[in-house]
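**Q** Below are the structure tokens for one structure; questions will follow.
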Amino acid sequence: MQDVPRPAPQFEVRLARDAAERACAARLRYEVFVRELGADGAMVDHLRGLEQDRFDPFFDHLLLFDHARPEGDQVVGLYRLMDREGAAAAGSFYSEEEYDLTSLRTSGRPLLELGRSCLHRDYRGGDAMYRLWQGLADHVAHRGIGILFGVASFHGTDAGAHAAALSLLHHAHLAPPGLRVRARRFQPMDLVPPDRIDRRAAMVGMPALIKAYLRLGGFVGDGAYVDHAFNTIDVCLVVDADRLSPRQKAIYTGMPVT
């Protein structure tokens, strides 16, 4: 029997409107971060299949829907978004549990923390991520955001397994002093001297999301953070939205380069 072709996606990107849509996001997060990547946490609900934490009530949830999806939840991608007001209500940004954000907080500029970025496995490698980024770009423009930041992860907790990629990030993409956050539980990233880095191996071993932020002109903070509960090594990425070139803006807005 031949497989029935999947209908063309009917994408919509918008903020979650109610608790039911946030629950759909938590289910997708469980599939990606818990089932696929082995994460865990104090508030993860294994019985209902929900990945959640104490920060969820203070984040906006930017969701990617596929309204042509015939089975299961139609939420197939997401970002969590937190501005200064959300962080004040939560007591901190999520990233502040791992990084000292003083350089960003004292910048006086509008901040937006990005987190829990993920796509359903059926939508990776296509244009779904770009649709999600277009929604993010609209949100950034509407809110007048100046700096985007958040942690992105390597799978596993052995820094040596990612030595080439971490070293390349440190030597080639370290944030300038005014944007340079620092890991609180410091895992050095300069594990390989710059003249001994196998750049091809480093890029092959780099998670796709981190490579995407680098194409946007993103930087990394000083030091990585080993998150044993989430089974990851995290780096903090920082993007200065006001300094993006037209070509970099086109990457995530989807607009043609003129």
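**Q** Check the range 120-131 and report whether any residue there is among the basic types (Lys, Arg), under 22 Å from ALA212 (Cβ atoms) and either out of contact with any strand residue (DSSP E or B) (no Cβ under 8 Å at 6 or more places or on another chain) or loosely packed, with under 15 Cβ neighbours inside 10 Å (or both). So that I can check it myself, show each step before the final result.
**A** Filtering the range 120-131 for residues among the basic types (Lys, Arg) gives 121, 124, 131.
With under 22 Å from ALA212 (Cβ atoms) added as a condition, the list becomes 121, 124, 131.
The next check asks that each one be either out of contact with any strand residue (DSSP E or B) (no Cβ under 8 Å at 6 or more places or on another chain) or loosely packed, with under 15 Cβ neighbours inside 10 Å (or both); those that pass are 121, 124.
Checked against the condition, which is being among the basic types (Lys, Arg), under 22 Å from ALA212 (Cβ atoms) and either out of contact with any strand residue (DSSP E or B) (no Cβ under 8 Å at 6 or more places or on another chain) or loosely packed, with under 15 Cβ neighbours inside 10 Å (or both), the range 120-131 yields at least one hit.
**Q** Additional query: For the range 218-227, does any single residue satisfy the condition of being at pLDDT below 90 and closer than 27 Å to HIS155 by Cα? Don't jump to the end; show me each part of the working.
**A** Let us first name the residues in the range 218-227 that are at pLDDT below 90, namely none.
No: the range 218-227 contains no residue that is at pLDDT below 90 and closer than 27 Å to HIS155 by Cα.
**Q** Something else now. What's the number of the condition VAL32 fails, among (1) without any contact (Cβ under 8 Å) to a residue 24 or more places away in the chain; (2) assigned to a helix (DSSP H, G or I)?
**A** Condition not satisfied by VAL32: (1).
**Q** Continuing with the same structure: Residues in the range 120-167 that are at pLDDT 90 or above and at positive phi: how many?
**A** Of the residues in that region, 3 qualify.
**Q** Can you find a residue in the range 2-18 that is in a helix (DSSP H, G or I), out of contact with any Gly (no Cβ under 8 Å at 6 or more places or on another chain) and either surrounded by fewer than 14 Cβ atoms within 10 Å (Cβ to Cβ) or among the charged types (D, E, K, R) (or both)?
**A** Applying the first criterion (in a helix (DSSP H, G or I)) to the range 2-18 yields none.
No, the range 2-18 contains no residue that is in a helix (DSSP H, G or I), out of contact with any Gly (no Cβ under 8 Å at 6 or more places or on another chain) and either surrounded by fewer than 14 Cβ atoms within 10 Å (Cβ to Cβ) or among the charged types (D, E, K, R) (or both).
**Q** If you don't mind, another one. In the range 91-119, what residues are over 20 Å from GLY221 (Cβ atoms) and either surrounded by 15 or more Cβ atoms within 10 Å (Cβ to Cβ) or modelled with pLDDT under 95 (or both)? Write out each step before concluding.
**A** The first filter runs over the range 91-119 and keeps only residues over 20 Å from GLY221 (Cβ atoms), leaving 91, 118-119.
If the condition is that a residue be over 20 Å from GLY221 (Cβ atoms) and either surrounded by 15 or more Cβ atoms within 10 Å (Cβ to Cβ) or modelled with pLDDT under 95 (or both), then CYS118, LEU119 are the ones that fit.
**Q** Residue check: is ASP53 surrounded by 15 or more Cβ atoms within 10 Å (Cβ to Cβ), touching a Cys at 6+ places or on another chain (Cβ under 9 Å), touching a residue at least 12 places away in the same chain (Cβ under 8 Å) and in a loop (DSSP other than H, G, I, E, B)?
**A** On the way: surrounded by 15 or more Cβ atoms within 10 Å (Cβ to Cβ): yes; touching a Cys at 6+ places or on another chain (Cβ under 9 Å): no; touching a residue at least 12 places away in the same chain (Cβ under 8 Å): yes; in a loop (DSSP other than H, G, I, E, B): yes.
Judged against the criteria, ASP53 is not a match.
**Q** Within the range 179-229, how many residues are assigned to a loop (DSSP other than H, G, I, E, B) and either aliphatic (A, V, I, L, M) or surrounded by fewer than 20 Cβ atoms within 10 Å (Cβ to Cβ) (or both)?
**A** Here is the first cut: in the range 179-229, the ones assigned to a loop (DSSP other than H, G, I, E, B) are 180-181, 184-186, 188-193, 197-198, 205-207, 216-218, 221, 223, 228-229.
Filter again for either aliphatic (A, V, I, L, M) or surrounded by fewer than 20 Cβ atoms within 10 Å (Cβ to Cβ) (or both), leaving 180-181, 184-186, 188-193, 197-198, 205-207, 216-217, 228-229.
Residues in the range 179-229 being assigned to a loop (DSSP other than H, G, I, E, B) and either aliphatic (A, V, I, L, M) or surrounded by fewer than 20 Cβ atoms within 10 Å (Cβ to Cβ) (or both): 20 in total.
**Q** Please verify whether GLY49 is out of contact with any strand residue (DSSP E or B) (no Cβ under 9 Å at 6 or more places or on another chain) and of a type in the set (Gly, Ala, Ser), treating the condition exactly as stated.
**A** Details: out of contact with any strand residue (DSSP E or B) (no Cβ under 9 Å at 6 or more places or on another chain): yes; of a type in the set (Gly, Ala, Ser): yes.
Taking the combined requirement at face value, the residue satisfies it.
**Q** Among the residues of the range 91-119, what is the count of those that are of a type in the set (S, T, N, Q) and either in a helix (DSSP H, G or I) or in contact with a strand residue (DSSP E or B) (Cβ under 6 Å, 6 or more places away or on another chain) (or both)?
**A** Step one: of the range 91-119, the residues of a type in the set (S, T, N, Q) are 92, 95, 102-103, 106-107, 117.
Remaining after also requiring either in a helix (DSSP H, G or I) or in contact with a strand residue (DSSP E or B) (Cβ under 6 Å, 6 or more places away or on another chain) (or both): 95, 102-103, 117.
Total satisfying the criteria: 4.
**Q** How many residues are assigned to a loop (DSSP other than H, G, I, E, B) and either among the acidic types (Asp, Glu) or under 13 Å from GLY223 (Cβ atoms) (or both) when one looks only at the range 161-178?
**A** Total satisfying the criteria: 1.
**Q** Keeping to the range 58-86, report how many residues are in contact (Cβ under 8 Å) with a residue 24 or more places away in the chain and over 20 Å from ARG29 (Cβ atoms).
**A** 5
One line per residue, one yes/no per condition, for (1) under 28 Å from HIS139 (Cα atoms); (2) modelled with pLDDT of 90 or more; (3) in contact with a His (Cβ under 7 Å, 6 or more places away or on another chain):
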{"site": "ALA8", "(1), (2), (3)": "yes, no, no"}
{"site": "ARG17", "(1), (2), (3)": "yes, yes, no"}
{"site": "ALA23", "(1), (2), (3)": "yes, yes, no"}
{"site": "LEU28", "(1), (2), (3)": "yes, yes, yes"}
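The values are calculated or read from the model by the stated rules, or taken from the named source; none is laboratory data. Please read all numbers here as calculations on a predicted model, not as lab measurements. Glycine also receives a Cβ, built like all others from the backbone with ideal geometry; neighbour counts cover every protein chain displayed.
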